[in-house]
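*Asks:* My questions will all concern the structure given below.
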Amino acid sequence: MDIKIVLFVIYCLVILGVGYYGYLKTKTLGDFYLAGRKLNKWIGAGTFAGTFVSAITFVGWIGFGWKFGTAILPVYVIGCLVGYVLYAIVATKLNILAHRNNANTPSDYYEGRFDSSFLKLWTTIFTIIGFSVYLVIQLIGTGVLFEVIVGIPFAQAVIILGIVYTAYTLLGGMKSVAWTDAIQFSVFIVATIVAFIYVLPLVGGVSGMNTSLASIDPKLLSLTFGGAFKPLWIFGIFFAVATCIPMHYGYIARAMACKNPKEARGMVGIGSFLLLIFYLAIVVLALSCRVLIPDVGSLANMDAAFPTMVIDFFPKLLAGFILAALGAAVMSTTDSILLQVGSNGANDIYKKYINPDASEKKVLGVARALLIIFAAATILMALTRPAAIYTIYNFFIVFLVAPYFAIFFLGLYWKKATKMGAIVGAVSGAVIGVAINALQVLKMAPSSLSYHPTLYAVPISVILMIIVSYVTKPLPEEVLKKWF
Amino acid sequence: MTGPWGFTTGAFWLLVLSVIIGVLPLLIYLNDLRKPESKEEGE
């Protein structure tokens with residue numbers, strides 16, 4: 001049997017083993033969602049970084065860098081790094097508030113802060129929609145990798161990995177997710193650095209790489225791809241990427257799950273530093289990829305660039321290792337999403353609206369059932385392969401930013417924000433973001449609406465939330481006391 | 001208008017800026033470590 005497949009099978013078995021260990025350790029809902037609120041900075045850093053790096057990075061963004069060169073820096077890399085700084089700033093506060101108010105999910109925070117069960121439902125619904133798109137991206141990424149590297153059909157790859165990650169998320173919840181994320185992050189940061197060390201001499205070092213890029217197409221060295229990307233368009237993506245990080249459900253949950261505020265900040269500090277090293281390697285890998293595969297017409301689309309480089313230019317053993325690492329990156333992200341969806345659905349919808357008297361055991365059972373249904377639905381959607389990852393990603397981050405920006409930042413830092421103000425902020429942000437997104441996808445958007453939808457949704461929702469907060473009844477002091 | 005290693009000047013400085021921004025969260029944490037424990041709750 002091919003060494004690549006053997007490595008991959010061993011890898012899947014190890015991950016399932018860790019999932020089973022997590023299952024044995026999971027007794028309560030708090031264990032399932034938040035690892036019993038005992039996450040330390042090292043495992044936290046691994047799970048934060050592990051969740052952050054996914055098929056979007058390896059397949060989507062290396063593909064983007066392959067096609068558009070150094071434009072990857074302003075379009076993506078800077079946005080991520082600024083996002084980590086914002087996350088470092090809010091993580092301590094989120095941790096303190098979650099511990100003080102016994103908040104299990106980010107929706108608990110929105111509900112408690114604004115004394116509004118509507119906001120809990122609203123934010124939960126948008127989380128589930130956003131994450132279903134995200135999961136589809138991950139599955140497409142996995143499918144492309146396996147199609148190109150191992151040569152197994154796209155559909156089979158999507159189904160096999162879909163089942164493996166569902167199985168182990170199902171078993172343990174956050175405890176196994178946090179541990180496997182940390183293990184997986186170690187695997188793929190080592191693989192990325194090995195790939196970086198291997199590829200650099202192939203392209204003649206950084207200078208040689210840039211000289212080759214200039215001869216292939218001078219636009220590859222331009223930050224705007226020779227003016228193809230307008231500065232406001234780049235700013236739109238940067239803004240969405242940077243702001244989605246601190247208010248991303250998975251990262252809020254991780255800040256809440258750390259055992260104290262210092263561990264939370266340690267998690268972000270250490271995780272971000274590891275990610276910085278990782279991203280510098282990714283930029284070089286993306287640019288080298290173009291040097292090695294110069295003809296843009298030779299691939300079906302940009303998502304195939306990195307897997308093609310791995311299979312055509314890397315030795316077999318290294319290719320197998322990278323494949324396992326890529327599988328790791330995808331799995332460590334998808335498991336977190338599944339966990340969020342299971343816990344949101346069970347905690348924020350089922351227990352809240354359908355069966356408030358349900359026992360912990362019953363809610364845990366519902367979380368697991370929802371997780372299976374959701375995984376099956378996204379596997380089916382991924383099989384249709386709607387577009388290149390980078391395109392779906394831009395669509396996806398709207399769901400992550402537009403409904404939450406106003407209520408997240410004003411909720412944390414502005415005491416005068418009222419319940420009605422927050423409802424208006426959350427609803428207007430979501431409606432404007434989704435409407436512009438839809439117009440752009442359907443190619444019906446006028447040129448004045450051609451930038452990233454968050455650039456319209458965020459300022460309008462913030463202004464509306466401030467205006468409405470000034471003219472409506474302030475929240476009772478006993479509510480505010482808990483959150484400030 | 002080329003910067004070090006054949007990057008354009010803009011790309012080179014953006015890389016430098018990336019590194020500076022990238023270490024900020026770690027610096028924020030290290031700065032936290034120097035503060036006494038009791039100050040944490042007051043945030």
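The values are calculated or read from the model by the stated rules, or taken from the named source; none is laboratory data. Everything numeric in this text was worked out from a predicted model, so none of it was measured. Reconstructed Cβ throughout: ideal geometry from the backbone, glycine too, with neighbour counts over all protein chains shown. Protein only, heavy atoms only, side chains kept; ligands, DNA and RNA dropped before computing areas. Shrake-Rupley method; radii C 1.70, N 1.55, O 1.52, S 1.80 Å.
*Asks:* Give me the one-decimal nm value for the distance between modelled label points at A:TYR353 and A:ARG100, 7 Å along each residue's Cα-to-Cβ direction.
*Replies:* 3.0
*Asks:* Any lysines with Cα under 21 Å of the A:LYS120 Cα? List them, leaving off those in the same chain fewer than 8 positions away.
*Replies:* By straight Cα distance, A:LYS120 reaches A:LYS93, A:LYS351, A:LYS352, A:LYS362, A:LYS415, A:LYS416, A:LYS419, A:LYS473, A:LYS481, A:LYS482.
*Asks:* Could you work out how far apart the two model spin labels at A:LEU318 and A:ASN301 are, taking each label as a point 7 Å from the Cα in the direction of the beta carbon, and quote it in nm?
*Replies:* 2.9
*Asks:* Mind jotting down a quarter of the surface of the convex hull over the alpha carbons of the range A:273-362, in square nanometres, one decimal?
*Replies:* Result: 9.7 nm².
*Asks:* Given that compact globular proteins tend to follow 2.2 N^0.38 Å, what is the ratio of the alpha-carbon Rg of the range A:176-307 to that value?
*Replies:* Rg over 2.2 N^0.38 Å, computed on Cα atoms: 1.30.
*Asks:* Over the protein assembly as shown, what per residue volume does the convex hull of the Cα atoms give, in whole Å³?
*Replies:* 141
*Asks:* What percentages make up the Cα-Cα pair-distance distribution of the range A:356-455 when the bins are 5 Å wide from 0?
*Replies:* Each 5 Å bin holds this share of Cα pairs: 2, 11, 14, 13, 13, 16, 16, 9, 4, 1, 0.
*Asks:* On to the next question. Hey, what do the phi angles of the range A:188-195 turn into as Karplus ³J(HN,Hα) couplings, whole Hz, using 6.51/-1.76/1.60 and θ = phi - 60°, x for Gly and Pro?
*Replies:* 7, 6, 5, 4, 5, 5, 4, 4
*Asks:* Loop-only trypsin sites (Lys or Arg not before Pro) in the range A:318-416, please: DSSP not H, G, I, E or B, and at most 16 other Cβ atoms within 10 Å. Present the calculation step by step, with values, prior to reporting the outcome.
*Replies:* Numbers: sites: A:LYS351, A:LYS352, A:LYS361, A:LYS362, A:ARG368, A:LYS415, A:LYS416; in loops: A:LYS415, A:LYS416.
Listed in order of number, the matching sites are A:LYS415, A:LYS416.
*Asks:* Still on this structure, I have one more. Per the Kirkwood treatment, what hydrodynamic radius in Å, one decimal, follows for the range A:249-310 from the mean inverse distance over all distinct Cα pairs? Let's see the in-between values first.
*Replies:* Working: mean 1/r = 0.0698 Å⁻¹.
Over the range A:249-310, the inverse of the mean reciprocal pair distance is 14.3 Å.
*Asks:* Skip the ligands, DNA and RNA, and give the accessible area per residue of chain A with a 1.4 Å probe, whole Å².
*Replies:* 34
*Asks:* Given labels modelled 7 Å from the Cα in the Cβ direction, how far is it in nm from A:TRP414 to A:ALA228?
*Replies:* The modelled label-to-label distance comes out at 3.9 nm.
*Asks:* Roughly speaking, to the nearest percent, how much of the range A:34-154's 1.4 Å accessible area is carbon and sulfur? Please list the in-between numbers first.
*Replies:* On the way: 1510 of 2430 Å².
Summing carbon and sulfur atoms, their accessible area is 62 percent of the total for the range A:34-154.
*Asks:* Then there is this: How large is the helix-only mean residue ellipticity at 222 nm for chain A, computed as the sum of -39500 (n - 2.57) over DSSP H runs with n ≥ 4, divided by its residue count, in deg cm²/dmol to the nearest 500?
*Replies:* -24500 deg cm²/dmol
*Asks:* With a 1.4 Å probe and all protein chains in place, put A:PHE146, A:PHE409 in order of accessible area, largest first.
*Replies:* Accessible-area ranking of A:PHE146, A:PHE409, largest first: A:PHE409, A:PHE146.
*Asks:* Please compute the net charge surrounding A:ASN102, taking Lys and Arg as +1 and Asp and Glu as -1 over other residues with Cβ under 13 Å from its Cβ.
*Replies:* Around A:ASN102, the surrounding residues sum to +1.
*Asks:* Suppose a student asked you for the relative contact order of chain A, using Cα pairs under 8 Å spaced at least 6 residues apart; what percent would you report? Mind showing how you got there, number by number?
*Replies:* On the way: 814 pairs, mean separation 148.2, N = 484.
Reported relative contact order: 31 percent.
*Asks:* Partner chain Cβ atoms within 10 Å, averaged over the residues of B:4-13 - can you pull that number for me?
*Replies:* 6
*Asks:* Once phi is turned into θ = phi - 60°, what whole-Hz ³J(HN,Hα) does the Karplus curve with 6.51, -1.76 and 1.60 give for every residue of the range B:16-26, x standing for Gly and Pro?
*Replies:* 4, 4, 4, 5, 5, 5, x, 8, 4, x, 5
*Asks:* Grab the other residues whose beta carbon is less than 13 angstrom from that of A:MET420, score K and R as +1, D and E as -1, and report the net. List each step's numbers first, then the result.
*Replies:* Values: positive: A:LYS416, A:LYS419, A:LYS473; negative: A:ASP115.
Counting the neighbours of A:MET420, the net charge comes to +2.
*Asks:* Taking a cut-off of 22 Å, what percent of all Cα-Cα pairs in the range A:62-190 are separated by more than that?
*Replies:* In whole percent, the long-distance tail amounts to 61.
*Asks:* Estimate for me the total accessible surface buried between chains B and A (protein heavy atoms, probe 1.4 Å, no ligands or nucleic acids), in Å² to the nearest 100. Write down the numbers at each step before the final one.
*Replies:* Working: alone 4060 and 17560 Å², together 19030 Å².
So the buried area, both faces added, is about 2600 Å².
*Asks:* Two decimals, Cα atoms only, Kirkwood Rh: what is Rg/Rh over the range A:284-425?
*Replies:* Over the Cα atoms of the range A:284-425, Rg/Rh equals 1.11.
*Asks:* At a Förster radius of 22 Å, what calculated FRET efficiency corresponds to the Cβ-Cβ distance of A:VAL14 and A:LYS38, to the nearest 0.05?
*Replies:* 0.40
*Asks:* A further question follows. What ³J(HN,Hα) values, in whole Hz, does the Karplus curve 6.51 cos²θ - 1.76 cosθ + 1.60 give for the range A:336-352 when θ = phi - 60°, with x put for Gly and Pro?
*Replies:* Here the 3J(HN,Hα) series is 5, 5, 4, 4, 4, 5, x, 6, 4, x, 6, 7, 8, 10, 4, 5, 6 Hz.
*Asks:* Sort largest first and round to whole Å: the equivalent ellipsoid semi-axes of the range A:289-339, each the square root of five times a Cα gyration tensor eigenvalue.
*Replies:* Numbers: eigenvalues 125, 48, 8 Å².
Sorted largest first and rounded, they come to 25, 15, 6 Å.
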